Each structure stands twice: as structure tokens, then as C-alpha cells.
Amino acid sequence: MASVELQNIDKTYGSFEAIGNLNLSVDDGSFTVFVGPSGCGKSTLLRMIAGLEKITAGDLKIDGRRMNEADPIERGVAMVFQNYALYPHMTVEQNIGFSLRMAGLGKAEIQRSVAVAAATLQIEPLMKRKPAQLSGGQRQRVAIGRAIVRNPAVFLFDEPLSNLDAELRVSMRVEIAKLHRRIGATMIYVTHDQTEAMTLADKIVVMRAGKIEQTGTPDTLYADPDNLFVAGFIGSPRMNFLDGTLDPNGVVRLDCGAVFKTGLLQGEGDIPIKAGIRPEHFTGRDDAGGAIDLKVDVVENLGGTRFIYGTLSSGQAVIIEDRSETIRRPGEIVTAGFPARRALLFGGDGERIRGTRPANTLPAE
Ligand SMILES: Nc1ncnc2c1ncn2[C@@H]1O[C@H](COP(=O)(O)OP(=O)(O)OP(=O)(O)O)[C@@H](O)[C@H]1O
Ligand SMILES: [Mg+2]
């Protein structure tokens, strides 16, 4: 096991800056997830930790030791890729044991390690097959097996489940969580999948354009995002952002007509804001809360819950979750209330307005 420190890390390709002055601490034994839009630098960062990509500037420390120039093997890391990268002509057993054979280990020792990995991943019956004779999920298990036998202090996963169908993703996600609990190694994991990020992570790192926008526990990022980008990125369906103004007494007036009171005092007259309200937070208004009227466009019925996709009189699209008994029809006007504390306010610069309400706290339900 090992901690990973990234200190003032830069990565440039020619004149293009892929990563700019990035700082991050990954705790020993923790599960850290990188998320962010395509091209923001997630894979680049992972590859630099793995030793597959040169670090332009800054320090990479693994367990306190500077590793910028160390060989991938020396670093004690193992990487699992999205496209399994198995050797097609080798059996499962040979694929898993390959790195150990390269390292010159004895036959018995290799067999023992491979058997442990196979048992952990429940792929013992597949050991004599070739990759072409495996399903996607089985291939991904083999790829993880190849990492396990190296007994790395740090596992690096780059979208390992993206090629799998929905059901397999869920079961493999649970397998990876169990694996982390069982072996306790540090894991750094890149994904596009909200649910994977929220369920697997001790800490989520939200990246944009080579920089970190915010790091925190899944709960912190969900309930207390620092800016519009993080608020919009975490959560599915996405948070609604409604335009309006905030007056010096903390009263918000939304363009769609809703008015509600917040504890956010600011002394600059009316300022333009966006109020961020998640679909699931239209649970009825409290004393200070507000309400919006929306025309129903589409109702998505998921069985246990429904999402109403609607439009405000201003023309803005909104999504609300509806757990009521009544099923709404397209064209209907629905009034949806929300408690004031559920509206997060963002200023014109996209930064969260926290004012007098202490950060990281939500008053009790
Ligand atoms: N070898 C390279 N030469 C030049 N630019 C590169 C190279 N590798 C990556 N880049 C650029 O660096 C940026 C970050 O790429 P990276 O692969 O890390 O993105 P990512 O966050 O993993 O995206 P995705 O979610 O699509 O996998 C991109 O703009 C990419 O085009
Ligand atoms: Mg990538």
C-alpha cells in the first residue's frame, strides 16, 4: 500500500498544456476517482503516475519517494485499461502470469499467484481459454487479474468498465469495491459514469481542462459544490440552474416568478444569480421556500420514481423528480415547490455564493 502525491504537476505536448500546475494527495489505501469531460486530462494524469508518460514538471511521490523517473515496475503500480489489452494467443492463465514470467519468477510461484488471483476474481473455470473465447466481463476480470498478481501498492484503472453492458457494469463495480476492501491497496480510478464515481469513491476529483475544479467526498461534491461546473457535473439527471437575482436581504427572485428567502446576506444591491436545484429536491416548499410552474413535456417513468421534463413560462427547460401518486400528462401545468435550503446560489462568475450560511452544512430535513 502507498500514498500518492502530485505536486505542481505540469504536462505539455508541444505548446499544448494538458495538465497545469496540479496538486493532489491520494491517501494510502483510499479509493480516488477522477471524473471530468473528455479531454480534460484524466488518462494523462493516470499514465504519468504509471510511468507511461513523462512528467513535464513537478514531483510525483509514491509513499513519500520521488518517482518521476522511476521505471513503471519500480513504482509498485499496475494499470488496468478500458480495452483489456490481453495477448490473444495466450490462455487466461498465461495472460495473468505473463508479468511474473517476465520478472523471472519460478513456475510454482507463478502458479500459486495466478491461482489466488483467479480465485479472487472467480475465473478458475476459464484458465485454459483464450481471450477470444471470453465475454467482455470475463476479459476485464482477466485484465484485473494481471494487475493483481503483481501485488501493486497502487492500482490505476482507466475506465475499466466502459466496454461492458449495463448489467455487467453493475456487477463488476461491486466486484471492484469488494476487491478494494479485501486487499486494501490504494486505487485510482477514471470513469465517465456518475454512479461508479459516487459509489466507489472515498474522494472524487473533478477535473476540467487540465485542472482540478474540486475534490471531496461524494456527499460533499453533491451537497456542497464550489461552482456551477461541479454542481452541473455531479448528479444525474443534472441540477437545474434557474436565473434570477439576490437582494441585500437574502431574498431571491427567479425570472420565472418564484421568490424565496435565503440566509445569504450581501451588500451590493440586487445581483444576478443562478439558483441550482436538483430534480429530487422539489419535495414541497418550506416556510422560506419557493415554487415553480412548469408545463410537462415528457414523463419518464422508472417504476420507483418518475422524472418530469418540463418548460417554465420563460422557455427554460427543467427536470423535476415526481414521487407522487398522480401520473402527470404532457401539456399539464405542474406546480413544484422546493425548500429554500435546497437552492444553491451561484454568482455571475460561476462561483458558489456562500455568504453567511456556513459551508458544508445543510440544516436538518
Ligand atoms: N500524445 C499526445 N499528444 C498531444 N496531445 C495529447 C496526447 N495525449 C493526449 N493529448 C491531449 O491531452 C488532453 C488530455 O487527454 P486525456 O487522454 O488525458 O483526456 P481524458 O480526460 O482521459 O479524456 P477521455 O475522457 O476522452 O478519455 C487532450 O486534449 C488530448 O488531446
Ligand atoms: Mg481517457
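The values are calculated or read from the model by the stated rules, or taken from the named source; none is laboratory data. Here the structure is a predicted model, which means the values were calculated and not measured. Reconstructed Cβ throughout: ideal geometry from the backbone, glycine too, with neighbour counts over all protein chains shown. Side chains included, ligands, DNA and RNA excluded: accessible areas come from the protein's heavy atoms. Shrake-Rupley method; radii C 1.70, N 1.55, O 1.52, S 1.80 Å.
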Requested in this report: Could you work out how far apart the two model spin labels at Ile333 and Gln194 are, taking each label as a point 7 Å from the Cα in the direction of the beta carbon, and quote it in nm?
Outcome: 2.9
Report summary line: With x for Gly and Pro, the residue-by-residue ³J(HN,Hα) of the stretch 164-169, computed from phi through the Karplus equation 6.51 cos²θ - 1.76 cosθ + 1.60 at θ = phi - 60° and given in whole Hz, is 9, 6, 4, 5, 5, 4
**Report entry** Listed residues Pro218, Pro160, Pro88, most fluctuating in the chain (Gaussian network, C-alpha, under 10 Å)
**Finding:** Pro88
Requested in this report: Work out from phi, with θ = phi - 60° and the Karplus expression 6.51 cos²θ - 1.76 cosθ + 1.60, the ³J(HN,Hα) of each residue of the stretch 224-237, listed in order in whole Hz, and give x for Gly and Pro.
Outcome: 9, x, 7, 8, 4, 4, 5, 4, x, 7, 8, x, 8, x
Report summary line: Amide H neighbours of Val318 at under 5 Å, excluding residues fewer than 5 places away on the same chain, with H built from the backbone geometry, are Gly310, Thr311, Leu312
Query raised in the report: What angle do you read, to the nearest 10 degrees and between 0 and 90, between the alpha-carbon axis of helix 107-121 and the longest principal axis of the chain?
Result: 20
Query raised in the report: Structure shown: which of Lys274/Lys295; Lys178/Lys211; Lys211/Lys295; Lys11/Lys130; Lys107/Lys128; Lys61/Lys203 lie over 28 Å apart, alpha-carbon to alpha-carbon?
Result: Lys178/Lys211; Lys211/Lys295; Lys11/Lys130
Query raised in the report: Which ³J(HN,Hα) values in Hz, rounded to whole numbers, follow from the phi angles of the stretch 207-217 under the Karplus curve 6.51 cos²θ - 1.76 cosθ + 1.60, where θ = phi - 60° and Gly and Pro get x?
Result: 10, 8, 6, x, 10, 8, 7, 6, 10, x, 5
Query raised in the report: For the chain, what does -39500 (n - 2.57) per DSSP helix run (n ≥ 4), summed and divided by total residues, give at 222 nm, in deg cm²/dmol to the nearest 500?
Result: -7000 deg cm²/dmol
Query raised in the report: Excluding ligands, DNA and RNA, what is the solvent-accessible area per residue of the stretch 7-128 at a probe of 1.4 Å, expressed in Å²?
Result: 50
**Report entry** Under 5 Å, built H, 5+ apart or other chain: amide partners of Ala18
**Finding:** Lys11, Thr12, Tyr13
Query raised in the report: Assigning unit charges at the beta carbon (Lys, Arg +1; Asp, Glu -1) and nothing else, what dipole magnitude in debye, to the nearest 20, does the chain show about its Cα centre?
Result: 1320
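Per residue, what accessible area does the stretch 220-365 have, given a 1.4 Å probe and all protein chains present, in Å²?
48
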Requested in this report: Would you mind checking the tilt of helix 136-148 against the longest principal axis of the Cα atoms of the chain, expressed as 0 to 90 degrees and rounded to 10?
Outcome: 70
Query raised in the report: Which percent of the accessible area of the chain is formed by carbon and sulfur heavy atoms (probe 1.4 angstrom)?
Result: 50
